[in-house]
Amino acid sequence: MMNQIMIESFELWADTEEYRNRINKTRDVINEALRRYNHPYIAYSGGKDSLVMLHLVLQQVPGIAVWHWDYGRTLIPRWLEAEIIAIAKTIGCKEIIINERGKPNTARLDHAYGYRAFFATLHQTRVKKGWDLGFVGIRREESTRRKRVYTSFFSNSACFPLLNLTWKDVWSYIISSNIPYPSVYDRYASVLGYDKVRLVTFFDNEFEKLGAPYIDGVLMPEFRNVE
């Protein structure tokens with residue numbers, strides 16, 4: 001559980017004009033996108049950024065469709081996956097479409113396969129549902145590469161309303177709005193800090209350069225090589 005000092009610091013930041021201006025601009029981006037497109041959806045990973053985006057968009061369109069990619073039990077423990085889905089429903093999600101990553105045919109995780117499967121499945125779902133815009137919770141501070149990858153697949157049919165928010169803005173929104181979030185954040189933040197903690201797949205060699213598998217080995221050793 002987040003300690004009281006951190007809670008109070010995020011509440012204080014949420015009371016600043018700078019924070020309020022950024023959140024208002026984020027809402028403006030969402031409203032403009034909703035004005036221009038007729039059948040949007042939300043891409044929801046369960047991480048803090050997509051969680052804030054989900055909450056903001058649901059305030060404008062309570063019945064909007066939500067798409068979620070389940071990485072499977074080898075990368076995300078089932079208790080965490082269940083928590084991610086339960087949180088979406090708690091904050092008002094009425095329709096959630098879940099697609100699951102299949103198992104690659106190699107012993108070592110094949111990330112090229114994973115990305116291809118992700119975008120191919122999302123494309124098929126978009127066509128089937130007739131979605132014309134996707135809200136994606138990517139921030140410039142954390143990853144512009146993912147934005148480039150996403151837009152390379154879907155051209156201009158994606159909206160990134162959180163692009164200019166900081167990690168402090170995101171946590172302040174969560175705390176000040178009393179939004180539940182995955183409990184794993186608090187566990188990892190005790191080692192990494194709330195400015196660096198991210199919701200990523202566990203024991204995943206894609207994040208070796210960030211040291212994530214080593215932290216996983218300390219905090220989540222029971223989920224190593226889970227089948």
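The values are calculated or read from the model by the stated rules, or taken from the named source; none is laboratory data. Computed from a prediction, not measured in an experiment: that's the story for all the values here. Neighbour counts run over all protein chains shown; Cβ positions are idealised from the backbone, glycine included.
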Review point. Quick one: which of R139, R108, R126 is at pLDDT 80 or above, among the basic types (K, R) and part of a loop (DSSP other than H, G, I, E, B)?
Key: R139
Exercise for review: Tell me, please, whether a residue that is of a type in the set (D, E) and touching a residue at least 40 places away in the same chain (Cβ under 8 Å) can be found in the stretch 36-52.
Suggested key: yes
Review point. With respect to the numbered conditions (1) out of contact with any Lys or Arg (no Cβ under 7 Å at 6 or more places or on another chain); (2) in contact (Cβ under 8 Å) with a residue 24 or more places away in the chain, which one is the sole condition not fulfilled by L56?
Key: (1)
Point to revise | Residue list for the stretch 176-200, restricted to those being of a type outside the set (S, T, N, Q), part of a loop (DSSP other than H, G, I, E, B) and either crowded, with 17+ Cβ neighbours inside 10 Å or on the phi < 0 side of the Ramachandran plot (or both) | key: I179, P180, Y181, P182, Y194, D195, K196, V197, R198, L199, V200
Revision key, fill the gap. Looking across the stretch 1-35 at residues that are surrounded by fewer than 19 Cβ atoms within 10 Å (Cβ to Cβ), in contact with a strand residue (DSSP E or B) (Cβ under 9 Å, 6 or more places away or on another chain) and in contact (Cβ under 8 Å) with a residue 12 or more places away in the chain, the single one that is nearest to P161 (Cα to Cα) is V29
Point to revise | helices (runs of 4 or more DSSP H) contained entirely in the stretch 1-84, each with at least 2 residues that are at positive phi | key: none
Check your understanding: Do any residues in the stretch 177-188 that are without any contact (Cβ under 8 Å) to a residue 40 or more places away in the chain have Cβ atoms under 7 Å from those of residues that are assigned to a helix (DSSP H, G or I), where the two are at least six apart or on different chains, and which pairs are they?
Key -> R187/L219; Y188/I215; Y188/L219
Point to revise | Residue in the stretch 63-74 that is closer than 26 Å to T201 by Cα, surrounded by fewer than 17 Cβ atoms within 10 Å (Cβ to Cβ) and either hydroxyl-bearing (S, T, Y) or in contact (Cβ under 8 Å) with a residue 60 or more places away in the chain (or both) present | key: yes
Check your understanding: Could you list, in sequence order, the residues of the stretch 85-105 that are in a loop (DSSP other than H, G, I, E, B) and either touching a helix residue (DSSP H, G or I) at 6+ places or on another chain (Cβ under 7 Å) or modelled with pLDDT of 65 or more (or both)?
Key -> I91, G92, C93, K94, R101, G102, P104
